[in-house]
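Peer 1: Dropping the structure in here first, questions after.
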There are 2 protein chains.
Amino acid sequence: MDLRLYAVTDRSYLDGIDLIDAVEQAVRGGITIIQLREKEISSREFYELALRVKKVTRRKNIPLIINDRVDIALAVDADGVHIGQEDLPAEVVRRLIGPGKILGVSAGTVEEAIKAQKDGADYLGVGAAYPTPTKPESCAIGIEGIKKIKEAIGIPVVAIGGITRENAYEVMLKTGVDGISSVSAVFAGDVEENSRQLLESINKAIADRS
Amino acid sequence: MDLRLYAVTDRSYLDGIDLIDAVEQAVRGGITIIQLREKEISSREFYELALRVKKVTRRKNIPLIINDRVDIALAVDADGVHIGQEDLPAEVVRRLIGPGKILGVSAGTVEEAIKAQKDGADYLGVGAAYPTPTKPESCAIGIEGIKKIKEAIGIPVVAIGGITRENAYEVMLKTGVDGISSVSAVFAGDVEENSRQLLESINKAIADRS
Ligand code: NI
């Protein structure tokens, strides 16, 4: 599982472009894994969208992860599920998806991270690295917080929250995480170019770390 | 499967009472099956609510059906899933839940009903019997429409849409369906008394039909 550049979809950033086109551009730009996150559509629409995205990701062997909806992940035979603390409990999701599928869990504290690891997570999404509109200052655990969690657990970690083309290198370098995750840094603007530059920064940080 | 009085939850009707209390009252009043429908809560809240409702329904062997969310149904080991035309396709749901769980499908036309039966539905919710605020005149297939669908298929049918204590007898008598389904006729007001009177009307219609 290559978590270096973990794209998360959000159609509100896509002004005008079709989600499938955007995913194709992101794949061309070098994303290594993608999470489909949809909150406002019907189960049928989510299912049909996921089937369409899977056609794109399967061609390039990019793992497709479904946010929250275990049923959608099973229905389209996605590669995995990502859950937050408001979703089904991790141990229940692991039981539903079996040992073969990827389980990702969002964690904001060392305690949540250790519990998620114990409950069967394959990787963690940890943050926020920086404050964002939806996660104010008080929720951002920062570079230090992410580093602490990464050091406390054995499974891979993806840094999330407020990551941009400008700070991706620093986050990778200073936290030791396995990758960075973003919605806007990938999907706002030129998706292929964003992805290419992000991956370049990430690879440079990995090289500079060792 | 006893479909005579099929209660569907809706917290907007419960003014003030706890959903679990309301379900307990409905069970005491004689509902024969219940569907939990939740659209506005997180997956975790839905899961925890379903677990609590299941404790009540299992004591009286009332089947617990989950609306739309196959993952929640599997997570709590509910008795089944009910889907509409906007949810996952019936044949996909049947594959996910296996042969042992109940699959209900909403159908508004003979065509949809026949397809649902073919795709593995165990029963159908058919209507609307009468216009409702969310289903205007144009969507109500009426007594005649429900009767036509009931006659076209072999699996049990529950009539839905605009059913009240006043018209439940007539719907049962004239359509030949196996039961009636309602949110408000059960949950608006005195839940136990509503359920008792509805079941009485339904039983009287069944007796008068034969
Ligand atoms: Ni929703």
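A short reminder: the numbers here are calculations on the coordinates, not readings from a lab. Owing to the predicted nature of the structure, the values given are computational and were not obtained by experimental measurement. Glycine gets a Cβ as well: all are built from the backbone with ideal geometry, and neighbour counts include every protein chain shown.
Peer 1: Using per-residue counts of other Cβ atoms within 10 Å, averaged over each peptide, order A:52-62, A:77-87 from highest down.
Peer 2: Highest to lowest by the protection proxy: A:77-87, A:52-62.
Peer 1: For the rotation that superimposes chain B on chain A, which residue of B has the C-beta lying nearest to the axis, and at what distance in Å?
Peer 2: B:Asp71, 2
Peer 1: On to the next question. Run the simple label-point estimate for A:Ile114 and B:Ala152 please: 7 Å along Cα→C-beta, distance reported in nm.
Peer 2: Distance between the two pseudo-spin positions: 6.1 nm.
Peer 1: Okay, moving on. Loop only per DSSP, at most 12 neighbouring Cβ atoms within 10 Å: give me the GluC sites (Glu not before Pro) in the stretch B:138-210, ordered by residue number.
Peer 2: Listed in order of number, the matching sites are B:Glu166.
Peer 1: Right, next: For a quick check: with amide H placed at 1.01 Å from N, whose amide H comes under 5 Å from B:Ile33's, ignoring anything fewer than 5 positions away on the same chain?
Peer 2: B:Leu5, B:Ala7
Peer 1: Taking A:Pro131 in one copy and the same position in all the others, each labelled 7 Å out along Cα→Cβ, what are the pairwise distances from the first, in nm, shortest first?
Peer 2: 5.3
Peer 1: Between the stretch B:83-111 and the stretch B:120-178, what's the alpha-carbon centroid distance in Å?
Peer 2: Centre-to-centre distance over Cα atoms comes out at 18 Å.
Peer 1: Once you have a ≥ b ≥ c as the square roots of the Cα gyration tensor eigenvalues for the stretch A:84-145, tell me rounded if a/c is under 1.5, and otherwise prolate or oblate according to whether a/b is larger than b/c.
Peer 2: Since a/c reaches 1.5 and a/b is larger than b/c, the shape of the stretch A:84-145 is classed as prolate.
Peer 1: Can you tell me how much longer the chain between A:Asn203 and A:Leu14 gets when fully stretched, taken as 0.36 nm per residue apart minus their C-alpha distance, in nm with one decimal?
Peer 2: Extra length available between A:Asn203 and A:Leu14 comes to 65.4 nm.
Peer 1: Could you go through the stretch A:57-63 in sequence order and give the Karplus-derived ³J(HN,Hα) for each residue, using 6.51 cos²θ - 1.76 cosθ + 1.60 with θ = phi - 60°, rounded to whole Hz, and x for Gly and Pro?
Peer 2: With coefficients 6.51, -1.76 and 1.60, one gets 6, 5, 4, 10, 6, 8, x Hz.
Peer 1: Let me make sure I get this right: for the protein assembly as shown, a, b and c are the square roots of the gyration tensor eigenvalues over alpha carbons, sorted descending. Under 1.5 in a/c it's rounded, otherwise prolate if a/b > b/c, else oblate. Which is it?
Peer 2: Prolate.
Peer 1: Oh, and also: 5 Å is the cut-off here: which amide hydrogens, built 1.01 Å from N in the peptide plane, fall below it relative to A:Val183, excluding neighbours closer than 5 in sequence?
Peer 2: Close amide H contacts, sequence-distant or interchain: A:Val8.
Peer 1: Per residue of the stretch A:139-147, in order, report the coupling 6.51 cos²θ - 1.76 cosθ + 1.60 (Karplus, θ = phi - 60°) as ³J(HN,Hα) in whole Hz, putting x for Gly and Pro.
Peer 2: Once rounded to whole Hz, the list reads 8, 7, 7, x, 4, 5, x, 5, 4.
Peer 1: I'd like the mean, over residues of B:95-102, of how many other protein chain beta carbons sit within 10 Å of each residue's own Cβ.
Peer 2: 1
Peer 1: Among the lysines, which fall within straight-line cross-link reach of B:Lys150, defined as a Cα-Cα distance under 27 Å, with same-chain neighbours fewer than 8 residues apart omitted?
Peer 2: List returned: B:Lys101, B:Lys115, B:Lys118, B:Lys135, B:Lys174, B:Lys204.
Peer 1: Label-to-label distances across copies for B:Asp208, with labels 7 Å out along Cα→Cβ, in nm, shortest first?
Peer 2: 8.3
Peer 1: Turning to a different aspect of this structure: Run the label-point distances for A:Lys55 please: 7 Å along Cα to Cβ, every other copy, nanometres, shortest first.
Peer 2: Spacings between copies for this position, smallest first, are 4.8 nm.
Peer 1: Over chain B, what is the relative contact order in percent, taking alpha-carbon pairs closer than 8 angstrom and at least six residues apart?
Peer 2: Computed value for chain B: 22 percent relative contact order.
Peer 1: Got a sec to turn the phi values of the stretch A:158-167 into Karplus ³J(HN,Hα) couplings, 6.51 cos²θ - 1.76 cosθ + 1.60 with θ = phi - 60°, whole Hz, x for Gly and Pro?
Peer 2: My calculation for the stretch A:158-167 gives 10, 7, 10, x, x, 7, 10, 4, 6, 9 Hz in order.
Peer 1: Further question on the same structure: Report, by chain and number, residues whose modeled amide H sits under 5 Å from the one on A:Gly125, excluding near sequence neighbours (fewer than 5 apart, same chain).
Peer 2: Residues meeting the criterion, in which the H sits 1.01 Å from N, are A:Val105, A:Ser106, A:Ala107, A:Val158.
Peer 1: Mind running the shape call on the stretch B:5-209? Use the C-alpha gyration tensor, a ≥ b ≥ c as the square roots of the eigenvalues: rounded below 1.5 for a/c, prolate if a/b tops b/c, oblate otherwise.
Peer 2: oblate
Peer 1: Hey, another quick one. Under the rule of -39500 (n - 2.57) per DSSP H run of 4 or more residues, summed and divided by the residues of chain A, what mean residue ellipticity at 222 nm is obtained, to the nearest 500 deg cm²/dmol?
Peer 2: After summing the helix terms and dividing by residue count, I get -13000 deg cm²/dmol.
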